[in-house]
Amino acid sequence: MGVGAQIDGKRPESKAPEAADGGRPEGRGAVYFVSDAHFGLDEDERERVERFRGFAARVRAAASELYILGDFFDFWIEYKSAVRPEYFPILHELRGIADAGVPVHYIAGNHDFAVESFLERYVGLTFHKGCVDTELQGRRVHISHGHRVGRKLPQRVLDALLNNGTLRTLYKMLHPDIGVRFGEYMSGKSRKKHRESGTPLAALEKYRRAARARLKSGKSDLVIFAHTHYGEVLRFGEGEYCNTGSWMDRYDYAVLKGGKIQLMKWDGQNQQ
């Protein structure tokens, strides 16, 4: 599977069309959240891609906004004139959502350290390197991939190395067929181990504590994390915590509608 698909010319930056009254398109009242698809990890991803196509159609029809909470691609390295062809079906669906007038926000995860301008310039997404604090449907919402929650020193050092621009530039001097293969090998090795062992309870509790601390601060009444691949919605006196799970096996996603957050699973026919 080659990685040398060429980009010819420059596509204009996308601008979402507005409704006739200048507001959001009629009938789109729900905010959708999804994360951790890790596309590119498996050799045969047809089922996962087809399910995402159905989900994307639902988002185009029903969403006022879409938030992708990181790690949608297992290994993203951005070359000036090459894009991994196996990502084309997903990029096409994301572009279709943006072209339908639905704002798409991509919040960086730990696998997104090498994202540069491509997603914004050619796909029409808004890329956020850090967390997002916003108001949605009257809720004060804190949105983050969550990979920096409770980091220890080795994780902080690795994060600093991966986000070093000079090291990324040197890495991209490798031919894409070499750089991508090595990167996906290292990334996939870690991800497959996580797939087999699952998420330890201690890690889940760490995220729950971090979410509740944010809620207790009074800055937010809804916290949305990803990263753990374990979807859940927990309600506390101060507000709610939602984890969006993953699109790898369980096809989790979350919907905020009428100010209420729900965790859903896409079965190919879900009409939420």
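Globularity index of the range 24-125 is 1.04 (Cα radius of gyration / 2.2 N^0.38 Å, N = number of residues).
Across the range 221-234, rounded Karplus estimates of 3J(HN,Hα) from the backbone phi angles (6.51 cos²θ - 1.76 cosθ + 1.60, θ = phi - 60°) give 10, 8, 10, 10, 10, 9, 6, 6, 6, 10, x, 6, 10, 10 Hz, Gly and Pro being marked x. Between A202 and R235, the distance separating the two model label sites (each 7 Å from Cα on the Cα→Cβ line) works out to 3.2 nm. Judged by the ratio a/c of the largest to the smallest principal axis of the C-alpha gyration tensor, the range 212-272 counts as oblate, that ratio being 1.5 or greater while a/b is no larger than b/c. Net length available on complete extension from V132 to S81 is 15.3 nm, with 0.36 nm assigned per residue and the Cα-Cα distance removed.
Highest mean first, the peptides 88-94, 109-115 sorted by other C-beta atoms within 10 Å per residue fall in the order 109-115, 88-94.
No value in this document is a laboratory result; all are computed from the given coordinates. Because the structure is a prediction, the values reported are computed rather than measured. Virtual Cβ from ideal backbone geometry, glycine too; neighbours counted across all protein chains shown.
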